[in-house]
Each structure stands twice: as structure tokens, then as C-alpha cells.
Amino acid sequence: MEALRSLLAEKAPRVTNLPRKPREGTKQEAVLTLLRRTEGATIAQIMETTSWAGHTCRGFLAGLKKKGIKVETLERVRMVGPNRDGAKGSYTIYALIPMLTDQNPCAQSRNPMDMMRHGWASSLFQASQQ
């Protein structure tokens, strides 16, 4: 009985060096697809696509920022009502800022040696000096 308990108590070793493949068909993937469009997406469009409430959409955008993904405000239209409150019709258009890894498939690994071989390190240095 002790042998069985010890076998059950042992955990299988996890392989952590494999890159994670994002799940397909999720609401998060749908939102990211909307934000990657050149015209971006409004909170209303995200709400319609995912059936999320407005605060959930804004929380998702805040979570992207926390993960280091930059979300840009393309346009902000504010309709002001009679009491200086936001009237219906106000909206903001958000879009993802393309990252270095989105532009160059060889930079996916973020390995400095790979980036140097393809000239990204020098171009990044030159861009930071301007």
C-alpha cells in the first residue's frame, strides 16, 4: 500500500522548454484579431463579438498592457451631453501597436544572436539614438 501511495504522490516531470501554442477559437483570440486590423476596434465592437460586458472589455485591454502588449488609441470621439456627461455616441478606437516580433519571424525567439544575424540589433540601436 505504501508503494502505491508513493507512486501516486510523485508528479511527472513537466517539460517547460517547449513554446506554448495559443489556443484557437477563443474570445481572446477574436479580440486580438479585431485589434490587429488597421482600423482597430471599439469597445462596442468587442462587446458584440465576444458577448462581454463593457467593463470586461476594458479589463482585457488593461491586462494586455500588464503583459507588455501596447494598445494604441487611434481616435477618441466624445459627445458631451447637457450636463457635461458622456452622451451616447461617444467612442474610442483601439489598436495594437505592431511589435518587433510581429514584423520579423526570425525575432520570434528574441535571441540576441539571431537578431544580430538579421540586422535587427543594429537597427534597434540606431532607432534608439535618434
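Which residue pairs have Cβ atoms under 8 Å apart, sit 6 or more places apart or on different chains, and have a first residue in the stretch 37-65 that is assigned to a helix (DSSP H, G or I) and a second that is of a type in the set (Gly, Ala, Ser)?
Ile43/Gly54; Met47/Ala53; Met47/Gly54; Thr49/Ala30; Thr50/Ala30
Do the conditions hold for Lys27, that is, is it of a type in the set (Lys, Arg) and under 30 Å from Lys88 (Cβ atoms)? Give the derivation first.
Working: of a type in the set (Lys, Arg): yes; under 30 Å from Lys88 (Cβ atoms): yes.
Here the answer is yes, as Lys27 does meet what is asked.
From Thr92, Thr101, which residue is of a type outside the set (Gly, Ala, Ser), part of a strand (DSSP E or B) and either over 29 Å from Lys27 (Cα atoms) or at pLDDT 50 or above (or both)? Talk me through it step by step, then tell me what you get.
Working: Thr101 fails: part of a strand (DSSP E or B).
One residue alone meets the criteria, Thr92.
The values are calculated or read from the model by the stated rules, or taken from the named source; none is laboratory data. All values derive from a computational prediction rather than experimental measurement. Neighbour counts are summed over all protein chains in view; Cβ atoms, including those assigned to glycine, are modelled from backbone coordinates with ideal geometry.
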